[in-house]
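Let me begin by presenting the structure, written as structure tokens, before commenting on it.
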Amino acid sequence: MTATMSQQLVEEAASMLPEVVEIRRSIHAQPELGLDNPHTQRRILDALDGLGLDSVTTGDGLTSVVAELVGARPGPTVLLRADTDALPMTEDTDEPFRSTVEGAAHACGHDSHVAMLLGAARLLADRRSELAGTVRFMFQPGEEGHGGAAIMVDEGVTHGVDRSFAIHITPNIPAGMLSTRPGPMLASSDELHITVRGKGGHASTPHFCTDPVPAAAAMVSAFQVLITRELDAFNPALLTVAHIEAGTTTNVIPEVATMEGTIRAVSEETRAKVHEGVERVAAGIAAAHDCTAETQIVHGYPVTVNDAGEAGRTARVARDLLGDDRYFEMPTPVMGAEDYSYVTQQVPGAMVFLGVCPDDIDDSLTAPPCHSNRMRLNESALHVGVALHVAMAMDADPDQA
């Protein structure tokens, strides 16, 4: 794409900003959870209607939308993905379009992801004569812990796809900046549940009991030693015990202590090693305290791995579109998780972060992040995402990345 074409594309995307913002705000005000997002699905279908797309279908196991646009010339099939669901939390902002649904809020920016991809669909439809190949638009519910992407993969969304691309906003990067990296982009995410069993009794006679609380406490420290002493520091993991519960009052030693937490890793090898280590350490410490430990690890999302070629393509297209000063390579992965990982397991792909730090915050690192009850985003940057989706879809060169 020439400099003139890039400038024209950015200008066209900017001219669509009012429409993109209106869609984003409509979805933001009516957030929906999990795999069932009927209002959002209806909003997507309405926006796609009249674009002359070659197909628009909805999912069976979730309220997804998959649409296709076939270009005028042969070329690759490129999948562009946006997630649609919100978080089960309260929004505490003064935005006039804030959530009207109790216990649900778009605090992760999925409303903006949908709006940007719908804007891109309109621009790509207008450019069908210039398009080589097919663009598949993937609108996916259930990213926030429900694995909607895996369901859509099972329903065939990646069949015949050559490469994929996704954008995730972040308030913690200056507005309009783009960043990605090759290799691990986001971590795996697993739940840890441990039940430590002893023998309860009176707190004044611990010698008649088997107290599970010291055993549980020892496990918390030992898990940190596991992470820092058994893993390669350059292939890390993170283990957080976030919830411990035992007992009912001050003078009773409980029979059971429970703990819950999360395990994050940036490679599947390290992920497996931590799982084995946690079970071994828990069992060993429990035995040393004459207790037993039942460990359950609930597998969550895999590591999101950016294909090196597609990450390179993204960096090149971003620089061509916006200039070298608007792109930087992430130095490390982020320990958050994404079910876009299920897509990148099937086809080469890349995810990029788009900065949306609000104008009234000087330092993006201090902005309320995604999943904060006070998260806000800078809507003026959304046209960048629209333009980047279009540019990535139209980058038909299979070799240059």
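The values are calculated or read from the model by the stated rules, or taken from the named source; none is laboratory data. These numbers were taken from a predicted model, which means no experiment stands behind them. Here Cβ is always computed from backbone atoms with ideal geometry, including for glycine, and neighbour counts include all displayed protein chains. We work out accessible area using only protein heavy atoms, side chains counted, and drop any ligands, DNA or RNA first. Shrake-Rupley method; radii C 1.70, N 1.55, O 1.52, S 1.80 Å.
Remarks
- Accessible surface of region 304-368, 1.4 Å probe, proportion on carbon and sulfur as whole %: 49
- Converting the Cα gyration tensor eigenvalues of region 118-272 into ellipsoid dimensions via √(5λ) gives semi-axes, longest first, of 49, 18, 15 Å.
- Placing unit charges on each Cβ (+1 for Lys and Arg, -1 for Asp and Glu) gives the chain a dipole about its Cα centre, and among ASN37, MET185, PRO174 the Cα reaching farthest toward its positive end belongs to MET185.
- Relative packing of peptides 319-325, 174-180, 387-393, 282-288 - highest average C-beta neighbours within 10 Å first: 387-393, 174-180, 282-288, 319-325
- C-alpha center-to-center spacing [region 2-23, region 133-198] in angstrom: 25
- Each helix, a run of at least 4 DSSP H residues, gives -39500 (n - 2.57); summed and divided by the residues of the chain, these come to -10500 deg cm²/dmol at 222 nm.
- Peptide packing: for 336-344, 358-366, the average count of neighbouring Cβ atoms within 10 Å per residue gives the ranking 336-344, 358-366, highest mean first.
- Over region 18-94, Cα pairs under 8 Å with separation of 6+ residues give a relative contact order of 32 percent.
- Net lengthening on full extension, VAL252/GLN8 (0.36 nm per residue, minus Cα-Cα): 80.6 nm
- Read-out P(r) over Cα pairs in 10 Å bins from 0, in percent, derived from the coordinates shown; its label in (i) 5, 21, 29, 22, 12, 7, 3, 1, 0; (ii) 4, 18, 21, 19, 15, 10, 7, 4, 1, 0; (iii) 5, 23, 32, 24, 12, 4, 0: (i)
- Å² of accessible area per residue within region 297-401, as computed with a 1.4 Å probe and no ligands counted: 40
- For region 193-282, the carbon plus sulfur part of the accessible surface works out to 57%, probe radius 1.4 Å.
- Solvent-accessible surface of region 201-268, averaged per residue with a 1.4 angstrom probe and all protein chains in place: 55 square angstrom.
- Residue-normalised accessible area of region 1-102, expressed per residue, 1.4 Å probe, Å²: 48
- Peptides 147-154, 113-120, 256-263, 72-79 ordered by average Cβ neighbours within 10 Å, highest first: 113-120, 147-154, 256-263, 72-79
- Carbon and sulfur %, accessible surface of region 50-149 computed with the full protein complex present, 1.4 Å: 45
- Full-extension gain in nm, ASP94 to HIS159, via 0.36 nm per residue minus C-alpha separation: 19.1 nm
- Dipole in debye (nearest 20) - the chain, about Cα centre, beta carbon charges: Lys, Arg +1; Asp, Glu -1: 420
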